[in-house]
Amino acid sequence: MNSRLAVLFALSLWFVAGIGRAEPSSAVRHHPLDVPGLAAPATILVDQWGVPHIQAASQRDAFFLQGWNAARDRLWQIDLWRKRGLGLLAASFGPAYAEQDRAARLFLYRGDMTAEWAAYGPKAQGRAEAFVAGVNAYVGEVRAGRLPLPVEFKLTSSQPDLWQPQDVVRIRSHGLSRNAPSEVARAQVACAAGLDADLLRRKLEPAWTTKVPAGLDPCVVPADVLHDYELATRDVEFAGPGPLAVKTDSQALAELADRGAAEGSNNWVISAARTATGRPILANDPHRALGVPSLRYLVHLKAPGLDVIGAGEPALPGVSVGHNEVIAFGLTIFAIDQEDLYVYDLNPANPRQYRYGGVWEDMQVVHETIPVKGAAPREAELLFTRHGPVVKTDGKHAFAVRTVWAQPGTSAYFGSIEYDDAKDWPTFYADMSQWGAPSENMIFASTAGDIGWIGAGRAPIRPNWDGLLPVPGDGRYEWKGFLTADQLPSVHNPAEGWFASANEMNLPAGYPAAERKVGFEWSDPSRITRIKQVLGANGHVSLADSMNLQMDATSPEACRLKALLAPLSSTDPDAALGLSLIKAWDCREGVGSAATAVYEEWAVKHLSDAVIDAFAPKSPHLAGGTLDAVVTFLEAAKAATAAQRQDVMLASLAKAVQAVRTRLGDDPAAWRWGAMHHASFAPAVAPLADASLAGQMTVGPLEVRGSASTPAAATWNPKLYTAISGASVRLDMDVGDWDNSVAVNTPGQSGDPYSPHYRDLFPLWAGGDYFPLVFSDAAVEAAARDIYDLTPAQIPAKGTAP
């Protein structure tokens, strides 16, 4: 059975089993609509999996309809994204959001817009203008009462707003930059216990010894120094009758650090010489925070000179992961250090001045008015140094975050607007050479047989420090520009015939890492270790093999800890039970595994704290670390500490067994990882809904395999045991036979809880199944279930043609 038939067979079994929905009707429903601003008649064919295929007479209309359709399916989500990013939440939701608005405004792009648009390339501004015109066309009809108002606006007594084109790129707080939270955590450890203790929190790669920068006292960096940063980047929360929850300083820093550590991705590209079909395969499953609606949205744009399909963020034009007629592309985080925290001495006589270059320099003061629903507007005073927004002052010191976000051309993911219609490696490489943020491992494959990888992103040059700790802002620690594209690593048609990345340290041998200091904090190597094991052993990879690898639940990190436990024994019955389960285990984290339940409870909730308490007792228990750092320490433990290491491992394992018994009962034969580990999503507004609507909005629970250390990534909340981060989408692309490609989103394409596409993909995603990502006209027409026949309304079109 070929891979295409295997996928369809799996789908048929799912439908027959009746999990989640009935077999979809093959009837096609037509929806004729007049669309203000559309220049020529166009069609949107929505297939049975909820993917819209936009067919337009011009590229301008294609991007216009991408915006219009994003509003059709995800209006609440994209409107909330804009309000959060621009600092306009309080205008719709009241005084409780004014502080979050103030913080968000600190991190807006405030540079020259001409330079901003030019930084992305010649197509960017026109495509953004067309996209925004489409959003506004839909919003205008909703506000006029001619299209329905989504239920979330009714729950919050709010209305969607109209957009400006610059809104798309001025918002920067949705990007994944790094590493300000880790700098603060490291300063906290350095103050309390010394820098050596921090190696139990984060391993530095390539091998590196950091030191406290001259002039910095790490003890002056407070735990709440990133309060505004956390406010600006957090999700929007809604409370029921009570007030919004208030986080303590330690909770906020922990959540911020953990959020960054949990997010990652897998991707790989395989040359034609190593596949079963003789065509390249490109696969990508970006790992981000999980929820409803999904962070990502699958869409197909077709117009003269443009034919691209894949996933992007619904508030942005274009596609960031997918393919056009000739090339496929995918991304994972490449850990360039793109942030620094600066510490300044304040002038005792003037708290709006900081010492720089031996003199007192004035802060820039920006006054803004924050509109507030139901209350008087709030006046906000925003402070900036030459390095960036001031996030805290304490009377003696000021603290500012310097980030690539402030540079032209660094709006997260917007750079994909240029490479969506690239046709070959040189063009793709040239487009990626301008990429700003977030920094990415970009992979590439073409129908001509080319494959490649680019480490892309704006990388600051730090000539005299490593970026791992805050630095004095007095002029001694300045960026000296950015690395050029040819100073970052890349590979074209590697000799191995494949390339994979999983956020690991992948600077190639011989790369001048100590000189260029791209970054030293990477994800643990567990996922990439397993991916390389599988791909390296298979010279005949099929699309089904690629799909199976995305759902592989084997944890090499678990095998490392299993090896450390292998020689141990214990008279403690709980420790002995844990040892017996893990020693007999194959390190596969399936939902039916009792050993996985014990191992994950132990590794995530007990082991790290026990090791820190034993070997670095003065160090605070800070979040944002990696288990890899602890495992590496245990593997390298000297003979003098071997007995202590054994005691720590066994005592913490016994506690884990006790915790699992409390959750799952006294019979170990009945213990299952899936009984603890599940996915369940509810939107932020659910607390505002009545019980019936809240139930309609909630998706799950369903059991999910894996963990943070398996290719089937499913990082879980240690309090609730729910999966909080994992594959936002999965794509496996058969390069050149595009209709044979597959994908899945979660929990569905639509953000409307009453839509059949709100939750229909959730069982597929949780169970490891896919649907065909149809691309050709014939396949799209055969799969279509809703067709929007769109004609221009008698209103002049707006937006510049790209």
LEU773 long-range amide H proximity, modeled H, under 5 Å: SER741, VAL742, ALA743
Spin-label model distance (nm) - ASN350 vs ALA27, 7 Å beyond Cα toward Cβ: 7.5
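In Å², what does the accessible area per residue of the chain work out to with a 1.4 Å probe?
On the way: 28330 Å² over 802 residues.
Roughly 35 Å² per residue, with all protein chains present.
Full extension from HIS540 to ALA276: what is 0.36 nm times the residue separation minus their Cα-Cα distance, to one decimal in nm? Display every interim value, and only then the final one.
Numbers: separation 264, 0.36 × 264 = 95.04 nm, distance 0.48 nm.
Result for the pair: 94.6 nm of gain on full extension.
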Trypsin sites (Lys or Arg not before Pro) within region 422-476: DSSP coil, no more than 15 neighbouring Cβ in 10 Å: LYS423, ARG476
In order through region 75-90: 3J(HN,Hα) via Karplus (6.51 cos²θ - 1.76 cosθ + 1.60), integer Hz, x for Gly, Pro: 4, 4, 5, 6, 5, 5, 4, 5, 5, 5, x, 8, x, 10, 5, 4
Within the chain: Cβ-based charge dipole about Cα centre, in debye rounded to nearest 20 (Lys, Arg +1; Asp, Glu -1): 660
Hz values of 3J(HN,Hα) by residue in region 770-779 - Karplus curve (6.51, -1.76, 1.60), Gly and Pro given as x: 9, 10, x, 8, 5, 9, 5, 4, 5, 5
Pairwise label distance in nanometres, TRP360 with GLN487, each label 7 Å out on the Cα-Cβ vector: 3.7
Under 18 Å from the ASP666 label point (7 Å along Cα→beta-carbon), backbone N, region 574-600: 574-575, 577-578
Computed log₁₀ I(q)/I(0) - Debye formula, equal Cα scatterers, no solvent, region 543-679, q 0.21, 0.22 Å⁻¹: -1.33, -1.42
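Please work out how much length the chain gains when fully extended from GLU368 to GLN658, using 0.36 nm per residue of separation minus the C-alpha to C-alpha distance, in nm with one decimal.
Numbers: separation 290, 0.36 × 290 = 104.40 nm, distance 5.45 nm.
Full extension of this stretch gives 99.0 nm more.
Under a Cβ-only charge scheme (Lys and Arg +1, Asp and Glu -1), can you give me the dipole magnitude of region 123-216 about the Cα centre, in debye to the nearest 20? Mind dumping the intermediate values first?
Working: 13 positive and 9 negative charges, 26 e Å.
For this selection, approximately 120 debye.
In this model, which of LYS562/LYS638; LYS203/LYS532; LYS396/LYS605; LYS203/LYS517 are farther than 27 Å apart at the alpha-carbon?
Values: LYS562/LYS638 19 Å; LYS203/LYS532 21 Å; LYS396/LYS605 38 Å; LYS203/LYS517 15 Å.
Table pairs above 27 Å Cα-Cα are LYS396/LYS605.
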Estimated FRET transfer efficiency (MET113, GLU478; beta-carbon r; R0 30 Å; 0.05): 0.70
Gained length - ALA514 relative to GLN794, 0.36 nm times residue gap less alpha-carbon distance: 94.6 nm
Among (i) -0.53, -0.69, -1.27; (ii) -0.37, -0.51, -1.35; (iii) -0.57, -0.74, -1.24, the entry that matches log10 I(q)/I(0) by the Debye sum over Cα atoms at q = 0.06, 0.07, 0.11 Å⁻¹ as calculated here: (ii)
Pairwise FRET efficiency - ALA289 versus SER776, Cβ, R0 = 45 Å, nearest 0.05: 0.85
Theoretical FRET efficiency, 1/(1+(r/R0)^6), r = Cβ-Cβ of ASP647 and ALA691, R0 56 Å, to 0.05: 0.65
Sorted largest first, extent of region 355-487 alpha carbons per principal axis (Å): 61, 48, 19
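The values are calculated or read from the model by the stated rules, or taken from the named source; none is laboratory data. Computed from a predicted model, the values in this text were never measured in an experiment. Cβ atoms come from the backbone with ideal geometry, glycine included; neighbour counts cover every protein chain shown. Just the protein is used for accessible areas: all its heavy atoms, side chains included, with ligands, DNA and RNA removed. Shrake-Rupley method; radii C 1.70, N 1.55, O 1.52, S 1.80 Å.
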